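This report concerns only the one structure given below.
The values are calculated or read from the model by the stated rules, or taken from the named source; none is laboratory data. Bear in mind the structure is a predicted one, so any value in this text is a computation, not a measurement. Cβ atoms come from the backbone with ideal geometry, glycine included; neighbour counts cover every protein chain shown.
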Amino acid sequence: MPFSGPAPKRINDKLAIIGFVAAIVVELSNGQDVFVQISNGGIPWFLGTSIVLTLASLIPLFKGISMESKSDGLITSNAEMWNGRFAMLGLVTLAFTEYVKGGTLI
């Protein structure tokens with residue numbers, strides 16, 4: 001499992017999607033920006049989510065099931081990859097904007 005293999009890419013994509021959605025939901029519900037969320041106990045949640053998603057992504061790979069073989073219809077492996085990339089950009093943009101603005105985006 002090299003760093004450029006299928007597992008790290010899929011795991012990073014899934015973590016980015018979960019992270020972006022969680023950051024927006026907490027910001028809308030509690031009014032906390034990303035940096036406050038991290039300082040108020042976000043790291044244990046991130047680590048726990050990372051472990052669960054890593055295991056959930058690795059088990060099918062170890063069983064020999066490829067992501068492409070399970071792709072059909074609207075949810076394809078390519079769509080998941082692009083959603084992950086956009087979530088990564090969104091999370092970085094959200095954090096940068098809140099840092100420059102000095103508070104929540106919304």
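With respect to residue 57, is the statement that it is modelled with pLDDT under 80, within 17 Å of the chain's Cα centre (by Cα) and not aliphatic (A, V, I, L, M) true?
yes
Filter segment 5-49 down to residues that are crowded, with 16+ Cβ neighbours inside 10 Å and among the polar types (S, T, N, Q) and give me whichever is nearest to the chain's Cα centre (by Cα).
Looking at the filtered set, the residue picked out is 12.
So, of the residues in segment 81-106 that are at pLDDT 90 or above and of a type in the set (Ser, Thr, Tyr), which turns out to be nearest to residue 12 (Cα to Cα)?
Ranking the candidates gives 93 first.
Quick one: in segment 36-52, which of the residues that are polar (S, T, N, Q) and closer than 10 Å to residue 26 by Cβ is modelled with the lowest pLDDT?
It comes out as 37.
Take segment 78-91 and flag every residue that is free of Cβ contacts under 8 Å to residues at least 60 places away in the same chain and surrounded by 13 or more Cβ atoms within 10 Å (Cβ to Cβ).
86
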